[in-house]
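Reading through the structure tokens given below for one structure.
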């Protein structure tokens, strides 16, 4: 049985099922392993991990601890309550119309980040003249239809993760700022910060950045230098404002003071840096990496919501969930009709009633795709409702074919 326990109750002989933190917070090769010594417990606590999940079938038990199912059920109910009757972002054109332009913008931005990283490694300065038009293109796409580019951000090649992650953080920051009603200049600066936030990783050797095994303490220290390295690189870049510098330096800070590099806590961290921390982790845990399989968007939101008790600003986490929806564009969902479909667009009336591209019948397999609007059922498709989100791997569905 899987249970959640406070880190303070960990003992040698327990089996960690899930560390309950994103990979950047800890040096362990995996999130599941047996506790063989006190040093492992000490490392978990020092990393600012307050709660973990243990497997009682493979190690010691804590009798009164809640089960994973109980925790997840309560979190899901809270999330659905937050999204209930929440309006979705206004769209100017359909996702289908925007998708072609969004794909081109994504590729252009990834190539730019690759170029920036290469320049930094060669000792060259970052060119803001090259960066600013890309952020403008991302912003314009978000304004036309935020779902198209956000949906594409969940499609990443493992080999290009470092570049695409920066594009994703920029995209989510722009969408987050627009959803929060921030002004155009602040949104632009936040987008620049998102695109450049990992500039310091250009100085991290690829052998460490892409290492499939456990990092040594020394290697983990090298990884943790990237916010400060990036900040110092951007300080030498003409035209960089205070917001991109702040986001670059502080996107790994945590509200409980367990982050890095400055161990800031609470109000010591700016709102935009707190927002960047949320979107940075959200994108990281939804991506496939050489050392872990990415979560579904909905599972990732639930995790971040759970971690907001300690690591993130709970108010901002709720705002982010409203921004991208409990079922973000591209999420595979199971309907009451026993059909599976992909979320293609959110409805202005409710985040819980998006538009769906139905592609699969659980009894018959693939079916000719067709669109339904859960908020506006028609006689042809009838009314339907989302039962749950689904893992595409469970059904052997390649969602990229339909996005």
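Figures for the structure shown
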| item | result |
| --- | --- |
| Tabulated pairs, segment 296-310, first within 26 Å of residue 395 (Cβ to Cβ) and assigned by TED's automatic domain parsing to the domain that holds residue 151, second buried (at least 21 other Cβ atoms within 10 Å of the Cβ) and modelled with pLDDT of 95 or more, C-beta under 7 angstrom, 6+ apart or interchain | 300/282; 304/278; 304/281; 304/282; 304/312; 304/317; 305/317 |
| Of the criteria (1) under 25 Å from residue 138 (Cα atoms); (2) in contact with a helix residue (DSSP H, G or I) (Cβ under 7 Å, 6 or more places away or on another chain); (3) surrounded by fewer than 20 Cβ atoms within 10 Å (Cβ to Cβ), which one residue 189 fails | (3) |
| Some residue of segment 228-235 being assigned to a loop (DSSP other than H, G, I, E, B) and either buried (at least 18 other Cβ atoms within 10 Å of the Cβ) or modelled with pLDDT of 95 or more (or both) | no |
| Filter result for the condition that a residue is surrounded by fewer than 20 Cβ atoms within 10 Å (Cβ to Cβ) and in the same structural domain as residue 278 (by TED's automatic domain parsing), over 319, 348 | 319 |
| Residue list for segment 368-384, filter: surrounded by 13 or more Cβ atoms within 10 Å (Cβ to Cβ) and at pLDDT 90 or above | 369, 370, 371, 372, 373, 374, 384 |
| Counted residues, segment 185-215 - those being in a helix (DSSP H, G or I) and in contact (Cβ under 8 Å) with a residue 40 or more places away in the chain | 17 |
| Checking residue 116 against (1) crowded, with 21+ Cβ neighbours inside 10 Å; (2) closer than 30 Å to residue 369 by Cα, the condition it does not meet | (2) |
| Options 21, 109, 83, 104; residue that is in contact with a helix residue (DSSP H, G or I) (Cβ under 8 Å, 6 or more places away or on another chain) and assigned by TED's automatic domain parsing to the domain that holds residue 250 | 109 |
| Residue 151 being in the same structural domain as residue 232 (by TED's automatic domain parsing), crowded, with 20+ Cβ neighbours inside 10 Å, within 20 Å of residue 298 (Cα to Cα) and touching a strand residue (DSSP E or B) at 6+ places or on another chain (Cβ under 6 Å) | no |
| Residue tally, condition on the phi < 0 side of the Ramachandran plot and in a helix (DSSP H, G or I), over segment 236-274 | 15 |
| Meets criteria (modelled with pLDDT of 95 or more and in a loop (DSSP other than H, G, I, E, B)) for residue 182 | yes |
| Output for segment 8-23, where each listed residue is surrounded by 18 or more Cβ atoms within 10 Å (Cβ to Cβ) and either under 19 Å from residue 259 (Cα atoms) or under 24 Å from the mean Cα position of the chain (by Cα) (or both) | 16, 17, 19, 20, 21, 22, 23 |
| Test: residue in segment 384-402 that is under 30 Å from residue 271 (Cα atoms), part of a loop (DSSP other than H, G, I, E, B), touching a residue at least 40 places away in the same chain (Cβ under 8 Å) and within 22 Å of the chain's Cα centre (by Cα) | no |
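The values are calculated or read from the model by the stated rules, or taken from the named source; none is laboratory data. Predicted model only: the values in this text are computed from it and were never measured. When we count neighbours, we look across all protein chains shown, and the Cβ atoms used for this are built from the backbone with ideal geometry, even at glycine.
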